[in-house]
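**Student:** I'd like to ask some things about the structure below.
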Amino acid sequence: MSKFVSIAIDGPAGAGKSTMARACAKELGYLYVDTGAIYRTVGYYMRLMGVGPKDKDGIARLIDEVNIDIRYEDGVQHMILNGTDVTGEIRTPEMSKYASGVSAQKCVRDFLLDMQRAFARKHNVVMDGRDIGTVVLPKAQVKIFLTASPEERAKRRFEELTEKGEKASYEKVLQDMKQRDKQDSERTIAPLKQAADAVLLDTSDDTVKQSVDAILAIVRRKLG
Ligand code: DC
């Protein structure tokens, strides 16, 4: 049994996983690991090299060229791809689609599995993603499946994009989100699904503070 505690937070796009997981990690003094950012970084490299998100052979050919480093600056996770900080570049709607596409490939998931597990071997972590409780950290002491209605999730994502000054349409955000959830849930390897021992938390009607408090209450109950 590891001497470190792992908290796994999974769920569909826009459920607020990053916001909640980051806040909980801060409160608990744990390391926050955003695994979606790692898939986004792989997607970004494939896009840079002109390889499509569903090009199985192309991705398999290039995956060994991907060198990912994760650095923390003031508690913020920075993604370093082959020596370059791409933290900002991976946060676009196009990269969301790319990440979802490449993440369905077995070679990509195999490539990233140990990198994610290594964090939990060395730190207390709050890790968020799609398969953390089911595949990456099946022995996590706390597992939460965070969700909200598609409309509420699209509204949050739309507001986030608008705040960043990006032109977006709510309808398009909703459509892209549903498409991505379908792709992430229906893929063969490590699909998005609630672990049997995860606590389901629907945040549709909650503020960020209420959701964070609810997660912390679950954590305290589980850890005793
Ligand atoms: O959490 P996010 O939106 O940044 O994730 C981007 C994509 O990466 C998501 O659509 C599916 C994939 N992903 C995954 O397959 N497994 C994870 N643990 C995290 C993300």
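**Student:** Testing the spin-label approximation: label points 7 Å from Cα along Cα→Cβ at residue 202 and residue 159. State their distance in nm.
**Tutor:** Here the answer is 1.9 nm between the modelled labels.
**Student:** Just the number: Rg to Rh for the chain, Cα atoms, Kirkwood Rh, two decimals.
**Tutor:** Using Cα coordinates only, the ratio equals 0.94.
**Student:** Reachable aspartates and glutamates from residue 54, Cα under 15 Å, same-chain residues fewer than 8 places away excluded?
**Tutor:** 94, 184, 186
**Student:** Then there's this: Tell me which residues come under 5 Å, amide H to amide H, from residue 149 once H is placed; ignore anything under 5 positions away on its chain.
**Tutor:** For residue 149, the qualifying residues are 204.
**Student:** In a GNM of the chain with a 10 Å cut-off on Cα contacts, which of 38, 68, 144 has the highest mean-square fluctuation?
**Tutor:** 68
**Student:** May I pose another question? If amide hydrogens are placed 1.01 Å from N in the peptide plane, which non-local residues have theirs closer than 5 Å to the one on residue 78?
**Tutor:** It is 71, 72, 73, by chain and number.
**Student:** Return 30, 98, 72 ranked ascending by Cβ neighbour count within 10 Å, so the fewest neighbours appear first.
**Tutor:** Lowest count first: 72, 30, 98.
**Student:** As a test, work out the antiparallel percent of DSSP beta bridges whose residues both lie in the chain, rounded to the nearest 5.
**Tutor:** Rounded to the nearest five, the antiparallel share is 30 percent.
**Student:** Step through the residues of the range 192-204 one at a time and calculate ³J(HN,Hα) from phi using the Karplus curve (6.51 cos²θ - 1.76 cosθ + 1.60, θ = phi - 60°), rounding each to whole Hz and writing x for Gly and Pro.
**Tutor:** Whole-Hz 3J(HN,Hα) from phi for the range 192-204: 5, 7, 6, 5, 4, 9, 8, 8, 7, 10, 9, 9, 3.
**Student:** Hey, another quick one. Using modelled backbone amide H atoms (1.01 Å from N, in-plane), which distant-in-sequence or interchain residues come within less than 5 Å of residue 142's amide H?
**Tutor:** Amide H neighbours of residue 142, under 5 Å, 5+ apart: 6, 8.
**Student:** Quick one: if the Förster radius is 25 Å, what FRET efficiency do residue 209 and residue 18 give, using the C-beta to C-beta distance and rounding to 0.05?
**Tutor:** The formula returns an efficiency of 0.95 here.
**Student:** Which residue fluctuates the most in the chain, going by a Gaussian network model with Cα springs under 10 Å, if the choices are 164, 54, 17?
**Tutor:** With Cα springs under 10 Å in the chain, the top fluctuation among 164, 54, 17 is at 164.
**Student:** Can you give me the Cα centroid spacing of the range 172-211 and the range 40-95 in angstrom?
**Tutor:** Each part's Cα centre sits 23 Å from the other's.
**Student:** Still on this structure, I have one more. So what J values fall out for the range 128-143 if you push phi through Karplus, 6.51 cos²θ - 1.76 cosθ + 1.60 with θ = phi - 60°, rounded to Hz, Gly and Pro as x?
**Tutor:** Listing the rounded values in order: 10, x, 10, 10, 5, x, 8, 10, 5, 10, x, 9, 3, 5, 10, 10 Hz.
**Student:** OK, next. Grab the Cα-Cα distance for residue 114 and residue 220, subtract it from 0.36 nm times how many residues apart they are, and report the gain in nm with one decimal.
**Tutor:** 35.4 nm
**Student:** Can you sort 157, 221, 117 from fewest to most other Cβ atoms within 10 Å of each residue's own Cβ?
**Tutor:** Arranged by neighbour count, lowest to highest, 157, 221, 117 become 221, 117, 157.
Values in this text are rule-based calculations from the coordinates and carry no lab data. If you're wondering where the values come from, they're calculated on a predicted model, not measured in any experiment. Every residue, glycine as well, gets a Cβ built from its backbone with ideal geometry; the counts of neighbours run over all protein chains shown.
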